[in-house]
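Contents: one structure, followed by commentary.
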Amino acid sequence: MDDYRFLNIPDSCFIGSTIYKKLFYENGNLSSGDKALFTDVINKVVWLYCLKPETINIPVYKDDIREYPELEVIEVSVTQDYKLNRIAEIIMKTIPYPMILIFKLEDKVRFYVAHQKINQSDPNRNTIGDFIYTDWLERESAFFDQLDIKKMRFTNLYALYSDFVDAISIYNLSLMIPIHPNITGDEARELSAKIEEIEQRITSLRSKIKKETQFNRKMEQNIEIKKLEQRKNQLLGGEKNERNISYGQNS
């Protein structure tokens with residue numbers, strides 16, 4: 001519990017129980033490869049905290065598409081950085097509550113979050129949104145100051161979780177460009193997505209150039225890459241003199 005004191009979650013929310021892999025084997029609809037992944041990569045899964053009205057004074061949230069009755073904080077200690085997205089997907093689908101998933105590798109941690117929606121065809125299941133996750137963070141990371149839940153909204157559990165998702169989104173963008181301190185999570189995700197899309201297009205074009213045999217076509221693809229790089233540089237340097245980094249790089 002002391003390892004995550006920076007989250008400022010009350011002791012009343014602490015669980016500290018091991019979640020055995022058998023739960024995922026029996027309920028996660030795992031392939032043989034998924035089971036091998038859990039066996040080879042995961043050391044231990046621990047249910048650290050449960051945030052709900054009975055443990056913290058925050059109301060539940062429910063509308064036509066979302067239901068947030070509680071938030072889970074789960075730690076997964078791993079032996080290597082391998083297929084973490086797949087592991088996160090399995091855990092979040094098997095345990096149908098919004099969660100802050102923390103991967104731990106030696107002295108480093110990595111946060112995964114994803115909003116959930118009610119599955120319209122099966123109300124007992126949730127649809128997982130896009131993963132938002134950090135890089136590997138050292139224990140002295142300055143970013144941890146942004147994860148203090150007491151700096152977030154206690155309006156309801158959805159608002160609290162949204163603030164957590166936004167904090168990670170803004171942090172990820174801050175690693176690429178200087179950012180305005182008042183930037184929103186939506187703005188950060190939109191700009192990050194644009195940069196990522198451009199990078200993917202550049203990578204795809206470079207791969208095509210290697211296979212291209214026609215000189216004229218290679219020239220066209222190189223020109224397109226130059227234009228994409230210019231657009232990326234505009235995004236990376238946009239409003240450079242007007243923006244300020246709201247917190248430093250992780251150390």
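The values are calculated or read from the model by the stated rules, or taken from the named source; none is laboratory data. Not measured: the values here are computed from a predicted model. Neighbour counts run over all protein chains shown; Cβ positions are idealised from the backbone, glycine included.
Numbers at a glance
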| read-out | value |
| --- | --- |
| Matching residues in the stretch 139-182 - criterion: being modelled with pLDDT of 95 or more and not in a helix (DSSP H, G or I) | Asp148, Met152, Arg153, Phe154, Thr155, Asn156 |
| All positions within the stretch 147-192 that are of a type in the set (S, T, N, Q) and touching a helix residue (DSSP H, G or I) at 6+ places or on another chain (Cβ under 9 Å) | Ser162, Ser169, Asn172, Ser174, Thr184, Ser192 |
| Single unsatisfied condition, Asp135 versus (1) among the charged types (D, E, K, R); (2) in a helix (DSSP H, G or I); (3) assigned by TED's automatic domain parsing to the domain that holds Leu48 | (2) |
| Every pair of residues 6+ apart whose Cβ atoms lie under 8 Å, when the first sits in the stretch 212-239 and is loosely packed, with under 12 Cβ neighbours inside 10 Å while the second is at pLDDT below 85 and not acidic (Asp, Glu) | Glu239/His180 |
| Answer residue from the stretch 184-212, given it is among the hydroxyl-bearing types (Ser, Thr, Tyr) and assigned to a helix (DSSP H, G or I) and is farthest from Leu173 (Cα to Cα) among those | Ser207 |
| Only listed residue being modelled with pLDDT under 85, polar (S, T, N, Q) and not assigned by TED's automatic domain parsing to the domain that holds Gln146, chosen from Asn216, Asn233 | Asn233 |
| In the stretch 173-183, residue nearest to Ser141 (Cα to Cα) [restricted to those that are among the β-branched types (Val, Ile, Thr) and surrounded by fewer than 21 Cβ atoms within 10 Å (Cβ to Cβ)] | Ile177 |
| Within the stretch 57-80, considering residues that are touching a helix residue (DSSP H, G or I) at 6+ places or on another chain (Cβ under 9 Å) and over 21 Å from Asp166 (Cα atoms), the one surrounded by the fewest Cβ atoms within 10 Å (Cβ to Cβ) | Gln80 |
| Options Lys44, Lys83, Lys35, Lys22: the member that is farther than 28 Å from Asn119 by Cβ and either among the charged types (D, E, K, R) or free of Cβ contacts under 8 Å to residues at least 24 places away in the same chain (or both) | Lys44 |
| Any hit, the stretch 1-16, residues being aliphatic (A, V, I, L, M), touching a helix residue (DSSP H, G or I) at 6+ places or on another chain (Cβ under 8 Å), free of Cβ contacts under 8 Å to residues at least 60 places away in the same chain and surrounded by fewer than 19 Cβ atoms within 10 Å (Cβ to Cβ) | yes |
| Hits in the stretch 150-172 (condition: of a type in the set (A, V, I, L, M, F, W, C), in contact with an Asp or Glu (Cβ under 9 Å, 6 or more places away or on another chain) and surrounded by fewer than 21 Cβ atoms within 10 Å (Cβ to Cβ)) | Met152 |
| Residue within the stretch 193-206 that is buried (at least 20 other Cβ atoms within 10 Å of the Cβ), touching a residue at least 12 places away in the same chain (Cβ under 8 Å) and of a type in the set (Asp, Glu) present | no |
| Selection from the stretch 92-112 of residues that are crowded, with 22+ Cβ neighbours inside 10 Å and not in a strand (DSSP E or B) | Met92, Pro98 |
| Residue check for Asp40: acidic (Asp, Glu), within 19 Å of the chain's Cα centre (by Cα) and surrounded by fewer than 16 Cβ atoms within 10 Å (Cβ to Cβ) | no |
| Matching strands (runs of 3 or more DSSP E) fully within the stretch 9-91 where at least 2 residues are polar (S, T, N, Q) | 14-18 |
